[in-house]
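The structure under discussion appears below in the form of C-alpha cells.
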Amino acid sequence: SNVSISKFSKQLRVLLLFKNILKEMKICYISTLNHDFYSFLNSELKRETSPQEEGQGEELYRRPLRCLDMVAVDGQFTFTADRPQLSCAAFLLAEPDQVIEVEYDSVDIDCRGGDFITVFDGWVMKGEKFPSSQDHPLPLHERYVNYCSMGSLRTTVRSNQNVAMVFFRVHNAGSSFTLTLRKHVNPFPCNVMSQTPEGSYTMVIPQQHRNCSFSIVYPVAIDISEFSLGRFNNVPKRSMPGCADSGDLVQLLGGNSLDTMKLVPITDVCVSFTGPTHMKVACDNTVVRMVSSGTFVNRVSFSYRMLDRHELQNIKLNNVEDFCFNN
Ligand SMILES: *[C@@H]1O[C@H](CO)[C@@H](O)[C@H](O)[C@H]1NC(C)=O
C-alpha cells in the first residue's frame with residue numbers, strides 16, 4: 001500500500017497523545033496533523049534545549065525514553081521495560097546541517113531471546129524510506145545496525161543526514177538500555193528532512209556525483225529562487241526537450257509517500273536561472289531533489305511555507321490537475 005504517509009502521520013498523532021496536544025486538535029486533515037506535529041516538535045525543542053556545552057563540566061540532559069518517542073536534542077535517554085514491549089520506535093531529528101550519533105550505554109536486553117535495538121540511518125515507515133534508496137550513500141542493509149550483532153568493539157552509530165530512527169523490542173520486564181545522542185556538524189548536508197513548517201534553504205552539491213533531497217512532509221507553497229550550475233553559469237547544450245538528457249537538474253516532486261522514489265515529478269529545472277518559480281503543492285510530502293553529475297558546483301535556493309486550510313480547499317475545488325487529491 002502506498003498510503004504509508006498517513007500511517008506515518010497517525011504515528012505522529014500517537015506521539016502527540018503523549019503531550020496531550022490532541023485535546024486541542026481537530027482530526028480532519030493531514031496538514032493539521034503535521035502542523036501540530038511541528039508545534040509539538042518546536043515545543044519539545046524549546047522545552048528540551050539545554051544550554052550546556054560538552055566539555056564545560058555540565059551535566060548531560062537526561063530523560064526516560066518512551067516506547068514511541070520523538071527526540072530532537074542531545075542527551076541521555078533511558079528505556080526501562082515495565083512489561084514486554086515488542087514494537088517500539090523513536091524518531092530522531094536534528095538541524096538540517098547536523099548528523100546524529102547514537103551511543104549505546106549499559107544495555108541490558110536479551111539478544112538471544114529475540115530482543116533487539118536497531119538504529120536505522122533515516123526514517124522508515126512500512127517500507128517507505130527517507131532518504132530513498134536511490135539517494136542514500138549506503139546500500140539498504142547497511143542502513144540497519146542492530147546492537148545485538150554489532151560486536152563489543154563498536155558502540156556508536158552515526159547517521160548520514162539529520163534524521164535517524166531507533167527500533168527496539170524487549171520481551172522481559174526490567175530490561176533496559178540507555179542511548180546517548182549527540183549531534184555533529186555536517187559541513188555538506190545532502191538529504192534533509194525539514195524541521196519547521198516554513199523556512200528557506202540553499203542546497204549545494206560541490207562537484208560530486210550524487211543526488212540530494214530536501215523533504216517537507218506537508219502541503220506547501222514553495223518558491224525556487226535560484227538554480228545555478230557552477231560558477232561560470234554554464235548553460236548545458238540540450239538536444240532533447242525538457243531535462244531528459246541533462247546530468248544536472250533540480251526536480252520538484254510531490255506525493256503522498258515518505259519515499260522520494262514514489263513521488264511524482266511536478267517540474268524539472270535544468271538551466272541556470274534566477275528569478276522566482278512559485279508553486280503550490282497540495283501533497284503530504286513535497287521534495288526538492290537535485291541531481292548532480294559531479295561536473296559543476298550545483299546550487300539551488302528555495303523558500304516554503306505551509307498551505308493554509310483555505311488554500312487547500314481552493315486547490316481541491318479548482319485544480320482538477322492536482323494529482324495529490326486525485327489518487
Ligand atoms: C541520481 O539520480 C539519477 C536520476 O534520478 C540517476 O540516474 C543517477 O544514477 C543518480 N546518481 C547517483 C550517484 O545516485
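The values are calculated or read from the model by the stated rules, or taken from the named source; none is laboratory data. What you see is a predicted model, and the numbers here were worked out from it, not measured in a lab. Note that each Cβ is placed from the backbone with ideal geometry, even for glycine, and that neighbours are counted across all protein chains shown.
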Of the residues in the stretch 119-130, those that are assigned to a strand (DSSP E or B) and within 16 Å of the ligand (Cβ to nearest atom) come to 129, 130
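Residue-wise test of (1) assigned to a strand (DSSP E or B); (2) touching a Leu at 6+ places or on another chain (Cβ under 6 Å); (3) in contact (Cβ under 8 Å) with a residue 40 or more places away in the chain; (4) over 30 Å from residue 288 (Cβ atoms).
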{"position": "86", "(1), (2), (3), (4)": "yes, no, yes, yes"}
{"position": "102", "(1), (2), (3), (4)": "yes, yes, yes, no"}
{"position": "107", "(1), (2), (3), (4)": "yes, no, yes, yes"}
{"position": "110", "(1), (2), (3), (4)": "no, no, yes, yes"}
{"position": "114", "(1), (2), (3), (4)": "no, no, yes, yes"}
Residues within the stretch 205-220 that are more than 13 Å from the ligand (Cβ to nearest atom), in contact with a Cys (Cβ under 8 Å, 6 or more places away or on another chain) and modelled with pLDDT of 90 or more, tallied:
0
Being in a strand (DSSP E or B), touching a residue at least 60 places away in the same chain (Cβ under 8 Å) and in contact with a Lys or Arg (Cβ under 9 Å, 6 or more places away or on another chain) is the filter here; which residues of the stretch 131-177 pass it?
164
Here the residues within the stretch 298-320 that are more than 16 Å from the ligand (Cβ to nearest atom) and closer than 20 Å to residue 229 by Cα are 299, 301, 302, 303
So, in the stretch 133-169, how many residues would count as being modelled with pLDDT of 90 or more, out of contact with any strand residue (DSSP E or B) (no Cβ under 7 Å at 6 or more places or on another chain) and surrounded by 15 or more Cβ atoms within 10 Å (Cβ to Cβ)?
1
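Results for (1) surrounded by 21 or more Cβ atoms within 10 Å (Cβ to Cβ); (2) modelled with pLDDT of 90 or more, shown as yes or no for each residue.
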| residue | (1), (2) |
| --- | --- |
| 5 | yes, no |
| 81 | yes, yes |
| 86 | no, yes |
| 99 | no, yes |
Which numbered condition trips up residue 197, out of (1) more than 30 Å from residue 81 (Cα to Cα); (2) within 16 Å of the ligand (Cβ to nearest atom)?
(2)
